[in-house]
Amino acid sequence: MINKAIQFAVTAHAGQYRKGTTTPFILHPLEVGVIVSTLTSDEEIISAAILHDTVEDCPQISVEDIRQEFGDRVASMVDCESEDKSKTWLERKAHTIEYLKHHASKEVSYIAMGDKLANIRSLVRDYEQVGEELWNRFNMKDPKMQGWYYRSIIDSLSCLQGCPAYEEYVELVNRLFKE
């Protein structure tokens, strides 16, 4: 199932790049899958982690497509991790924070942890190269708002405290968003 998810994601994300870079986007979902595999050996959760951005970022892919290829459980996890792009940045991030804190299953928390850790790793790496110019890549260019979001995730995923992925996430957020 994991190999099938990788093939599906590679095809779905073909031609996509990380914001403001020449880095192929597919490296992100693959990294998320690797991180999640350190939290669980459940192939459906790892597959959902690899597929987590397909519905959100690939207009040709629907939750129903994921359901047909990978089943109800994987489709449900991908759906839970997908943001509604019709909403503003602030609305999407506030919903994510609230959902993860109060409603997310352990499985979805694992996927979110993988996603957020992969993102903060990328931000720290890029910040070390380009500094404050980094924030111009994003719709939300205010580093204070970005910091609010990433710091809020620490609290929202506190159920994973003690896991190496969570502890690395906290360390990187504190390094990037110094107070």
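Points worth noting:
- Kirkwood-based shape ratio for the chain, expressed as Rg/Rh from alpha carbons: 0.94
- Mean residue ellipticity, 222 nm, helices only, the chain: the sum of -39500 (n - 2.57) across DSSP H runs of n ≥ 4, divided by residue count and rounded to 500, is -20500 deg cm²/dmol.
- Take the chain with all the other protein chains still there, run a 1.4 Å probe, and you get 50 Å² of accessible area per residue.
- Cα long-axis angle, helix 89-102 against the chain (0 to 90 degrees, to the nearest 10): 70
- Candidate aspartates and glutamates - alpha carbon under 14 Å from Lys116, same-chain residues fewer than 8 apart omitted: Glu31, Asp53, Glu81, Glu83, Asp155, Glu167, Glu168, Glu171
- Amide hydrogen neighbours beyond the local backbone of Tyr17, cut-off 5 Å, H modeled: Phe25
- Within the accessible surface of the chain, defined with a 1.4 Å probe on protein heavy atoms only, the carbon and sulfur portion equals 51 percent.
- Cα centroid separation, segment 20-94 to segment 105-141 (Å): 15
- Selected from Ser86, Ser41, Ser158 as most flexible by GNM, with the chain as the system and alpha-carbon contacts under 10 Å: Ser86
- Under the Karplus curve 6.51 cos²θ - 1.76 cosθ + 1.60, θ = phi - 60°, whole-Hz ³J(HN,Hα) for segment 130-144, x wherever Gly or Pro sits: 10, x, 4, 4, 3, 5, 5, 6, 10, 4, 8, 8, 7, x, 5
- In terms of packing, defined here as the mean over residues of other Cβ atoms within 10 angstrom, the peptides 108-116, 47-55 line up highest first as 47-55, 108-116.
The values are calculated or read from the model by the stated rules, or taken from the named source; none is laboratory data. As the structure is a computational prediction, the values presented were derived from the model and not from experiment. Because the Cβ atoms are built from the backbone with ideal geometry, glycine has one as well, and the counts that use them run over all protein chains shown. Accessible surface areas use protein heavy atoms only, side chains included; no ligands, DNA or RNA. Shrake-Rupley method; radii C 1.70, N 1.55, O 1.52, S 1.80 Å.
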